[in-house]
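Below: the structure, in structure tokens.
The values are calculated or read from the model by the stated rules, or taken from the named source; none is laboratory data. Quick caveat: nothing in here was measured; it's all calculated off a predicted structure. Note that we place each Cβ from the backbone using ideal geometry, even for glycine, and neighbour counts take in every protein chain shown. Note: areas computed on protein heavy atoms with side chains; ligands, DNA, RNA excluded. Shrake-Rupley method; radii C 1.70, N 1.55, O 1.52, S 1.80 Å.
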Amino acid sequence: MNPAIRTNNLTKDFEGFRAVNQVNLTVERGSLFGFLGPNGAGKSTTIKMLTGILAPSSGDIDLLGGNPWDPVEGIKIKKQTGVVPEDLALFDNLTAREYLTFVGRMHLLDKTTIIQRSEELLQLLKLEGVEKKLAVEYSHGMKKKLALAAALLPNPDLLFLDEPFEGVDAVTARVIRDLLTNYVARGSTVFVTSHVLEIVERICTHVGIIANGILVEQSSLEELRKGNSLEQRFLQLVGTVDEPTPNLTWLDGGRSLREAAGVFENTAELSGENELPRSDAHRPLEPPGDTKNSIPASGSAESTE
Amino acid sequence: MNLTHFVALIQLRYHLTCNQVKKAGKLNIVISILAIICGLICSVSAFFIGILGGAVWFQDVSTTTILITWNVIVAAFLAMWTVGLLVELQQTELMSIDKLLHLPISLRGAFFLNYSSSFVNTTIILFTPMMIGLSLGMTLARGWALVLSIPLVTGFLFLVTTLTYQLRGWLARIMENKRTRGSAIAIITIVFIMLTQIPNLINLRYQGSRRERERSREIQLEEIKELGRMEVDARILAGEIQPEENGYWISEIESRATEQLAEQARREKDERVAYAAGVVETVDAYLPPGWLPLGVVRADQGNWIPGLLGSAAMFAIGLVSLNISYHSSLRKYMGMERRRRRSVKTSPFKSKLDLFSYTRLPLASEQVSAVAIFSFRSLMRAPESKMVLIFPLIVGMLGGSFLIGKGKIDVPLVLRSWIPLGVIAMTMFGIAQILFNQFGIDRDGFRAFVLSPINRRDILMGKNLAIAPLAIGICLVMIFVVQIFVPQEFLSLLATGLQVPAVYLLYCILGNLISIFFPMGIKRGSMQPANPRLVSMLIMIVGIMVAPAILMIPSMIACGIPSIVGAATDRSMGWLFLLLSSVQLAVVWGAYRKIINQQENWLWKRESKILDVVANIPE
């Protein structure tokens, strides 16, 4: 059987910048593929090219046995895929139910199916209480949940999720996690990008890591970890594990107390003159012996002045 | 807040503006620099013109002229100021208080900085030097008493800016809810348009009464001349004057009568001006912006007290307004604002609206129907489309007030079909802004179309169908109104009805083309381009301007031939107009179906580029 996703030398160039560089990706059917990488590595660009949102500069894409950029095959593939893109695909002026109905009708689902699935999805993703709100009034997390509901509604064979856990509360994140696991268990494929390595480690069967537009690793999760945690392997592969975390030059041990004193002092100002809490960072640090603005050892907030 | 903060914030505003200008391209930088230079030249010139005008022209004028001049200046200032406010309401604030509050500056500092930024305004830059210059010039020309006009002008500016700031704060709180934001903008715009139409209606009424007066004067003149002729005839018969003097006496009587009537007209005009001045003074006394002209006039008459009281009162109102604004901002940011919570009711799924969601339109596929219904719904809720739909309303109001003023118009029967054609052209002109940028209002929603498993032809047809009820509906309503005042025969009316979809389809062909090749991202809540690209903007403007001339040609032929034949044979040719309109509709429909297949390919190839332009529009 063909893999769900296969790319051959997939490349995307922007003006003077190569975002994705000859990526050869293979995602088997029935796998939950986690696509990882640092910020700006090319994850979202890759997912956009795979889903027909952004045209590749060169290279081939094979999705469920067809080319998503071919006008005829593309529409067949879109019927079998669900996508939660990075910037979502919501209409500002439609409510959640209206949007789900629109997506259902685009996939030629019958009315009963649309109603039944919409009800279930809205309940599952805790959106049923805000059904009359327009998408423009939703918080980012709510928008993400609605986009996920829309992606799941047509019951696709292949799901693309770009950062599905970003901005979503812990309860819903767990619901999504379980949902994706069940989804893969019945033979569908999920391609997910995420910054939350713990979640990827917990749910993904396969992982691909991209850095600076180059696919540096793709294998099953077990193979990739080789006894380490995913975080360690990820840091090794993106080449930052051995580098010491740089420190800020002006941070020192004695500052925190003085800063705390400054905050207390300014809180008093706030109550009197509606001043907002003020940072001390712009003040020169005072010599260690000077205790004029420091908090007394007893912990009292009052100034010693 | 200290000077360092202030300078830093000025720099921030400068960088924001520069980056915004740079982002729009090199040409935009040049245009912006030219605009700034022109603005500065205008501002400086306005100051000197004000001084010169005040010193030279106002030396010997009456107080009524001074009153009217200052009232015109105040009215012009307020009109331009309101237009600026409307534009400002539609765009995201460059620097709101919210963006400053996490910084170590006091709320009071942020508040006053935000208020002072409202002085950087075209109206203020253009009008203030002119008003100050005029005050100085009039002081030089008419005496030191008029120096009082300077505190009056500053008081007026303080009053307007503070009240506007208070209003802006109030509107900002209304517009916090993104759902009501658009409606608020649309309502404010409609109210503004209605207010600006009041002078037009007064003028129409005045024009009507002026015509009546002129007519009655002509009749009076004719009567006097007739009486004069009769008197001359009588005197000739009586032998008092010689028959050869007949001409001399008649012309003498006529010239005396003309002089007499001209004198009467002058007297009446003076009375009307005096009456109008009285009305204006009364209005000025009750409306605070009117205290400026009234104070200047009274100072000119030697009475300083109204001017002093007026400027003090304007400053006082301004201070109270600023105080209210400050405390409401304080309440808001300290979380002490009383807020009415809007309860969101959960309702069972089966509602009337949801039934509409599943409607399948006649002759349209399931997917075309879905695109049409949801795009229409989205369009009707989008504030930007409400703004565009106001245009036909304005045209309707202007046309309506003109027709009501005129009553039934006597147009030859063969030419009557041309008026509804003009109405169709004007309505399409208004709708073109939406039709020529069909994906712009979708913003991120366009991504849903890209991801949808449907033919791109269905997207285009659905989009065209979504706008059809608005375009065709407005046309039909306006044709109905025109039919009341300029009735045309039934067959011509039917033919005009067929013209509406025929013209709309032609607009759709062009609209699809421009939407595919020259899309524009649109900011939320306005029709302003988010990332203006010169070529797209030029194509859009030229398209909107030129389309009526080109796309109306078939209609003009279909209407022109019956008009010419009708004029030649002196017979009604409604049947011919109907026949030609039917043929036109059939041909256009065929062309639309053929062209949309080609447009489908173009849309497929360009949809990721369109998405790049219309989506990801910042708040």
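Brief remarks on what is shown
- Seen from a random direction on average, the alpha-carbon convex hull of region B:565-619 projects onto 7.4 square nanometres.
- Convex hull per residue volume in Å³, alpha carbons only, for region A:5-237: 124
- Normalised by 2.2 N^0.38 Å, with N the number of residues, the alpha-carbon radius of gyration of region A:162-229 equals 1.16.
- Label-point separation, B:THR569 to B:GLU271 (7 Å along Cα→Cβ), nm: 5.8
- Alpha-carbon Debye profile of region B:536-578, log10 I(q)/I(0) at 0.33 Å⁻¹: -1.01
- Dipole of region A:5-237, positive direction: furthest Cα of A:LEU224, A:LEU161, A:VAL23, with charges on the beta-carbon: A:LEU161
- In the context of the full protein assembly, B:MET461 retains an accessible surface of approximately 40 Å², using a probe radius of 1.4 Å and ignoring ligands and nucleic acids.
- Here the extension length gained between B:VAL56 and B:LEU103 equals 11.7 nm, from 0.36 nm per residue of separation less the Cα-Cα distance.
- Each DSSP beta bridge with both residues in the protein assembly as shown is either parallel or antiparallel, and the antiparallel ones are about 55%.
- Heavy atoms of B:THR569: accessible area, 1.4 Å probe, square angstrom to 10: 70
- A:ARG225, B:ARG210, A:ARG186, reordered so the largest accessible area comes first (probe 1.4 Å): A:ARG186, B:ARG210, A:ARG225
- Selected from B:TRP589, B:SER378, B:ASN464, residue furthest toward positive end of dipole (region B:364-614; charges at beta carbon): B:SER378
- Whole-percent P(r), chain B, all Cα pairs, 10 Å bins from 0: 3, 11, 17, 19, 19, 15, 9, 4, 2, 1, 0.
- Accessible-area value, B:PHE485, 1.4 Å probe, nucleic acids and ligands omitted, Å²: 50
- Note on the protein assembly as shown: with charges restricted to the Cβ of Lys and Arg (+1) and Asp and Glu (-1), its dipole about the Cα centre is near 2100 debye.
- Using a simple spin-label model with pseudo-atoms 7 Å out from Cα toward Cβ, B:GLN242 and A:ASN155 lie 11.9 nm apart.
- Kirkwood hydrodynamic radius of region B:364-614, Cα pairs, Å: 19.0
- Cα coordinate range in the protein assembly as shown, projected on the principal axes (Å, largest first): 139, 92, 52
- Seen from a random direction on average, the alpha-carbon convex hull of region B:211-286 projects onto 5.9 square nanometres.
- Sorting A:GLU86, B:GLU252 on solvent-accessible area from highest to lowest, probe radius 1.4 Å, gives A:GLU86, B:GLU252.
- Using a simple spin-label model with pseudo-atoms 7 Å out from Cα toward Cβ, B:ILE37 and B:GLU212 lie 5.5 nm apart.
- The order of B:MET537, B:MET545 by accessible area, most exposed first and with a 1.4 Å probe, is B:MET545, B:MET537.
- Taking only the C-alpha atoms of region A:71-197, the Rg (one decimal) and the largest Cα-Cα distance, Dmax (whole number), read 13.8, 40 Å.
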